[in-house]
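Read through the structure below, which is laid out as structure tokens, and then see the notes.
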């Protein structure tokens, strides 16, 4: 082994440059932590912008910039909020002062969950006992299960292998309790239903997101396109640091010699010496650039066992306002989360009106329907999805029945997140690899969090810390 503090042949006292493959959230957070500790970094990103899977693109017809998915955070995402503050983009997120969530069913019955001044875990109790989608007996059963969840050590290996639905049944949860409460909590965080996720990760979501602190459940969403935030403010941040951004550059392979990564191979044939390397790319891409011999090593071989879960987002632009709230959630219907995007792109609505049939109308509204665990939708045609969910909107929002759809757009992400299946925690790797100078970052690594932007930041910090302390 050799020390990472100095590069052979480099100026005495200068720490090594770290090559980071991938300019997503994991790579950016790793870079910032390394820069804080005196390292220089070279971020190599295949696309022409930073941000990774959190990006936006411009619709050719209207010129409106759309995020690739409806990204949501909560105040439990402390590391991600820290990253945003470092980059100067925290004010580009709309964060609730207090948790407040409207929940509708197919009969348009409203149930509201919101915080009170009571301390956690009792802050939701007043609204929970008036929550109209459950009866008194179901509520008492949920309270008993929440009490047990609060006191349970989720890191027990038993819970890594146990389906969360089995834990719920053991704790006397009814099918209605599961559908109208537990899936409501678990699906948007783990992008999967309680029937498929490990108890360990479901308890993590509930303990950290709901029970730990009063404001942890407060919801936030971006008010600017994601690529703009990262491309503008991220690039500006690194411009003032000891760093290089190598954009629009694809890594095609890694050269290994004597237990170390000796070079990074680029698509144009260039080879870069790599004294220290962080791979911050999706696991599928990592397995493609590793030499074939590496895949026989158990550390890398088991990564093939990670599976993915899809998300589908459906955008509608109506010629009039069809919903009042910023966002709402549905149970017992095909709709899940519905977002009012006008607050975000009100300045762009006029662009839609110019290409739509009602050009003089200035009261149009942009709606985004976000569907987690979207297996039943991912292979449907976009035309069928638009037709189905236009009908669902008409059922749930009466004004939508009289409204014209100016434009509709579907965005599918087949590999949006990894699945927190039982046993997946045993697959997720630590930052240090069998190669002395190769470290991993990515939301899919062993962070203790599900596939979220928070997990990505934590993974970047973990990889950087592994280098700093080696």
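The values are calculated or read from the model by the stated rules, or taken from the named source; none is laboratory data. These numbers come from a predicted model, not from an experiment. We place every Cβ from the backbone using ideal geometry, glycine too, and count neighbours over all the protein chains shown.
Restricting attention to the stretch 11-38, which residues are more than 24 Å from residue 454 (Cβ to Cβ) and more than 25 Å from the chain's Cα centre (by Cα)?
Correct list: 11, 12, 13, 14, 15, 16, 17, 38.
Can you tell me which of (1) modelled with pLDDT of 95 or more; (2) farther than 20 Å from residue 212 by Cα; (3) surrounded by fewer than 20 Cβ atoms within 10 Å (Cβ to Cβ) is the one residue 152 doesn't meet?
(2)
Testing residue 53 on (1) surrounded by fewer than 22 Cβ atoms within 10 Å (Cβ to Cβ); (2) over 30 Å from residue 273 (Cα atoms), one condition comes back false. Which one is that?
The failed condition is (2).
How many residues does the stretch 211-245 hold that are buried (at least 18 other Cβ atoms within 10 Å of the Cβ) and more than 22 Å from residue 84 (Cβ to Cβ)?
1
Could you please find all residues in the stretch 302-325 being free of Cβ contacts under 8 Å to residues at least 60 places away in the same chain and either within 25 Å of the chain's Cα centre (by Cα) or buried (at least 20 other Cβ atoms within 10 Å of the Cβ) (or both)?
Residue satisfying the conditions is 304 alone.
So how many residues does the stretch 157-183 have that are under 25 Å from the mean Cα position of the chain (by Cα) and assigned to a loop (DSSP other than H, G, I, E, B)?
1
Going through 284, 268 one at a time, which residue ends up being free of Cβ contacts under 8 Å to residues at least 24 places away in the same chain, in the same structural domain as residue 50 (by TED's automatic domain parsing), surrounded by fewer than 18 Cβ atoms within 10 Å (Cβ to Cβ) and farther than 10 Å from residue 21 by Cβ?
268
Checking the structure you have, find out if any residue of the stretch 428-441 is in a loop (DSSP other than H, G, I, E, B) and under 20 Å from residue 81 (Cβ atoms).
Yes: one or more hits.
Do you know which residues across the stretch 346-393 are part of a helix (DSSP H, G or I) and at pLDDT below 95?
Hits for the stretch 346-393 are 346, 347, 348, 349, 350, 351, 352, 353, 354, 355.
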